[in-house]
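Data first, discussion second: the structure below is written as structure tokens.
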Amino acid sequence: MFGLGSSKKISSPVLIFDIGSGSVGAALVDITGVIPTMLWNVRRPFPFQEKLEYSRYRKGMLETFSSVAALVQKEGILKLGEKNIRDIELVFASPWHISQTVTFIFAEEKPRPVNEHLEEVNRLLKKKEKRLSKDVPGGGTALLLEKKIIEMRLNGYPTAYPMGKEARTLKTSVLLSLFGTDVEREVNHITETMFRTPPTRFHSFAGVFFSAVRDIFAEEEHFLLLDVGSEVTDVGIVRDDVLEEMISFPFGKNGILRALSDTLQTSVTDAEIRITLYRSGKSEPKESEKIRTALSVVEHTWQEALTKAIGELSQSIAVPRSVFLTADPDLGEWFRVAILECTIGSLAVGALGFNVVLLTPEHFSNLISFSPGIPSDSFLDIEALFAHKNVHRTVVE
């Protein structure tokens, strides 16, 4: 009924696709060992659009997904000598899905079987799913992407094994995600054509990211999640180990590049090259000042959008100090500093400000092994950890 871990045996590598807002990544991962092993991976960007239009944007994503799937078939599987891929996991970032955490609280005079509570939760979720489906990206017909329990408390105590128990009070938080049937139909067709099997499981990156941070930084109970994609920035707020809410705004790395391109009156490609030279300290003094000034303006615009998003999430409650960030490596540190310099006005996090952790390969060095010559990709690394966890633990996710 809900997203639970799996204890089944996996004999061949798991194929993971990471479908972001500006690129598609793929990885073949061995999840049979104590830690996952990254056997092979690849990432390719979408065709860049000067001005986003959903149908062209969606077409670019699907074409990139198809080309990456072909690379998996021609290079990854061939290199590993595998004949069949039986497990395919697709992880979607914004804007390809819409997610919401729904929390239910039940209080009874006498203990009641948890299974009965969950039947009621499922009935209420169907109503919520129907309302949420109106906001699915692209405006088409919606389909359930995932329905995962992210926390359950029986009589006030968290539990990973609720089935078969009784409780007088039950509190459960469920991550509900939907995506468009148009996207589901196309990715299914591509995977079935390439690998003779449809995707085994779908996930939102929001849920996978939250799971990874909760595991790696177990001491943190209250924090913000920031995923800066190419076209979208996602912000999530976590309190008491529960992902309470997510919000998105359409301004990511490519938005920075478009704004700089306009300010510098040059192409996006040239703007990107000039930023790279500036950040590596190779620009001439006049050029450095020009780039610094232009970046300052763009940074302020992005910070304003972030401040508004955090304000909507936190409302009158204090903003958590800890921030966990994922972003493309070329501008990840720039976004980290931009967050550090961000002020939240009346919702200030205190004199110490934010503590921002940019997730980099160093965070996964002891958690994942890599075949010789295979690079780290933070997004695929996070998803590999999630796939490994779900196979080796039968717990409420």
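Looking at E272, E287, E245, E220 in this structure, which one is in a helix (DSSP H, G or I), surrounded by fewer than 18 Cβ atoms within 10 Å (Cβ to Cβ), touching a residue at least 12 places away in the same chain (Cβ under 8 Å) and not hydrophobic (A, V, I, L, M, F, W, C)? If you could, list the steps in order and put the result at the bottom.
Details: E272 fails: surrounded by fewer than 18 Cβ atoms within 10 Å (Cβ to Cβ); E245 fails: in a helix (DSSP H, G or I); E220 fails: in a helix (DSSP H, G or I).
Selected residue: E287, the only one of E272, E287, E245, E220 that is in a helix (DSSP H, G or I), surrounded by fewer than 18 Cβ atoms within 10 Å (Cβ to Cβ), touching a residue at least 12 places away in the same chain (Cβ under 8 Å) and not hydrophobic (A, V, I, L, M, F, W, C).
Among the residues of the stretch 81-117, what is the count of those that are over 30 Å from D227 (Cβ atoms) and in contact (Cβ under 8 Å) with a residue 40 or more places away in the chain? Let's see the steps before the verdict.
As a first pass, look at the stretch 81-117 and keep what is over 30 Å from D227 (Cβ atoms): 81-84, 106-117.
Subsequent filtering for residues that are in contact (Cβ under 8 Å) with a residue 40 or more places away in the chain retains 82, 84, 106-115, 117.
Of the residues in that region, 13 qualify.
Can you tell me which condition V114 does not meet? The list is (1) over 21 Å from S177 (Cβ atoms); (2) modelled with pLDDT of 90 or more, and all the others hold.
Of everything listed in (1) over 21 Å from S177 (Cβ atoms); (2) modelled with pLDDT of 90 or more, V114 misses just condition (2).
Let me confirm something: among V208, V183, which residue is touching a His at 6+ places or on another chain (Cβ under 9 Å) and part of a helix (DSSP H, G or I)?
Details: V208 fails: touching a His at 6+ places or on another chain (Cβ under 9 Å).
Result: V183 is the single residue among V208, V183 that is touching a His at 6+ places or on another chain (Cβ under 9 Å) and part of a helix (DSSP H, G or I).
May I ask you to list the residues in the stretch 223-242 that are β-branched (V, I, T) and either in the same structural domain as R153 (by TED's automatic domain parsing) or not in a strand (DSSP E or B) (or both)?
V232
So I88 fits all but one of (1) closer than 30 Å to L170 by Cβ; (2) buried (at least 22 other Cβ atoms within 10 Å of the Cβ); what number is the exception?
Every condition holds for I88 apart from (1).
What pairs come up if the first residue lies in the stretch 134-151 and is on the phi < 0 side of the Ramachandran plot and among the charged types (D, E, K, R), the second is in a strand (DSSP E or B) and modelled with pLDDT under 85, and their beta carbons are under 9 Å apart, counting only those six or more places apart or on different chains?
E146/G3; K147/G3; K148/G3; K148/L4; K148/V396; E151/V396
Which residues, taken from the stretch 248-265, are within 30 Å of S173 (Cβ to Cβ) and surrounded by 16 or more Cβ atoms within 10 Å (Cβ to Cβ)?
S248, F249, F251, G252 - these are the residues of the stretch 248-265 that are within 30 Å of S173 (Cβ to Cβ) and surrounded by 16 or more Cβ atoms within 10 Å (Cβ to Cβ).
If E82 passes every condition in (1) touching a Lys or Arg at 6+ places or on another chain (Cβ under 9 Å); (2) charged (D, E, K, R); (3) part of a loop (DSSP other than H, G, I, E, B) but one, which one does it miss?
Of (1) touching a Lys or Arg at 6+ places or on another chain (Cβ under 9 Å); (2) charged (D, E, K, R); (3) part of a loop (DSSP other than H, G, I, E, B), only one is false for E82: (1).
May I ask you to list the residues in the stretch 257-286 that are under 13 Å from F48 (Cα atoms) and touching a Leu at 6+ places or on another chain (Cβ under 8 Å)?
Listed by number, the residues that qualify are V268, E272.
Is there any pair linking a residue in the stretch 49-71 that is farther than 15 Å from S230 by Cβ to one that is of a type in the set (D, E, K, R) and part of a helix (DSSP H, G or I), with Cβ under 9 Å and at least six apart or on different chains, and which?
L62/E186; S66/E186
The values are calculated or read from the model by the stated rules, or taken from the named source; none is laboratory data. All of these numbers come straight from a predicted model, not from anything done at the bench. Positions of Cβ are generated from backbone atoms using ideal geometry, with glycine treated the same way; all protein chains shown enter the neighbour counts.
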